[in-house]
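Written out below as structure tokens is the structure these notes cover.
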Amino acid sequence: RGETEIMVMRFPNTLCIDKGRAINNAEDGWPETLTGRPRQAFELWRDHLRPAHYKLKAQIVDWPNGMPGDVGFFLSWA
């Protein structure tokens with residue numbers, strides 16, 4: 001199908017210590033704001049998938065009442 005990216009995780013912004021602000025602003029240190037399972041997923045990518053040239057992108061995926069909502073992790077291989 002020619003796809004090169006898939007959302008591998010979706011989680012509430014409350015699992016970020018800043019409620020997703022750093023992710024929304026694409027700040028360099030956004031991984032440091034992660035807690036719980038999202039932090040574990042990031043570390044799995046960092047330690048095992050990044051060396052295999054997979055890329056990980058985080059972004060806000062919904063905006064309830066105009067405010068940042070859930071965060072999505074997207075894995076790409078192109």
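Taken over region 53-78, residues that are modelled with pLDDT under 95 and in contact with a helix residue (DSSP H, G or I) (Cβ under 7 Å, 6 or more places away or on another chain) amount to 1. Any residue in region 44-52 that is in contact with a Phe, Trp or Tyr (Cβ under 6 Å, 6 or more places away or on another chain), under 29 Å from Gly2 (Cα atoms), modelled with pLDDT of 95 or more and not charged (D, E, K, R)? No, that holds for no residue.
Looking only at residues that are without any contact (Cβ under 8 Å) to a residue 12 or more places away in the chain and either of a type outside the set (Gly, Ala, Ser) or touching a helix residue (DSSP H, G or I) at 6+ places or on another chain (Cβ under 9 Å) (or both) in region 1-24, which one is farthest from Ile60 (Cα to Cα)?
Step one: list which residues in region 1-24 are without any contact (Cβ under 8 Å) to a residue 12 or more places away in the chain, which gives 1-3, 14, 22.
So of that shortlist, the ones also either of a type outside the set (Gly, Ala, Ser) or touching a helix residue (DSSP H, G or I) at 6+ places or on another chain (Cβ under 9 Å) (or both) come out as 1, 3, 14, 22.
Values: Arg1: 25, Glu3: 21, Thr14: 12, Ala22: 10 Å.
This residue is Arg1.
When the residues of region 39-74 are filtered to those that are touching a residue at least 40 places away in the same chain (Cβ under 8 Å) and either over 19 Å from Leu15 (Cα atoms) or aromatic (Phe, Trp, Tyr) (or both), the one that is most open to solvent (accessible area, probe 1.4 Å) is Phe74. Whenever a residue of region 25-38 is open to solvent by less than 50 Å² (accessible area, probe 1.4 Å), its partners that are not hydrophobic (A, V, I, L, M, F, W, C), lying with C-beta atoms within less than 6 angstrom and at least six residues away or across chains, give the pairs Thr33/Asp18.
The values are calculated or read from the model by the stated rules, or taken from the named source; none is laboratory data. The structure presented is a predicted model; accordingly, all values stated were derived computationally and were not measured. Note that we place each Cβ from the backbone using ideal geometry, even for glycine, and neighbour counts take in every protein chain shown. SASA here: full protein model, heavy atoms, side chains in, ligands and nucleic acids out. Shrake-Rupley method; radii C 1.70, N 1.55, O 1.52, S 1.80 Å.
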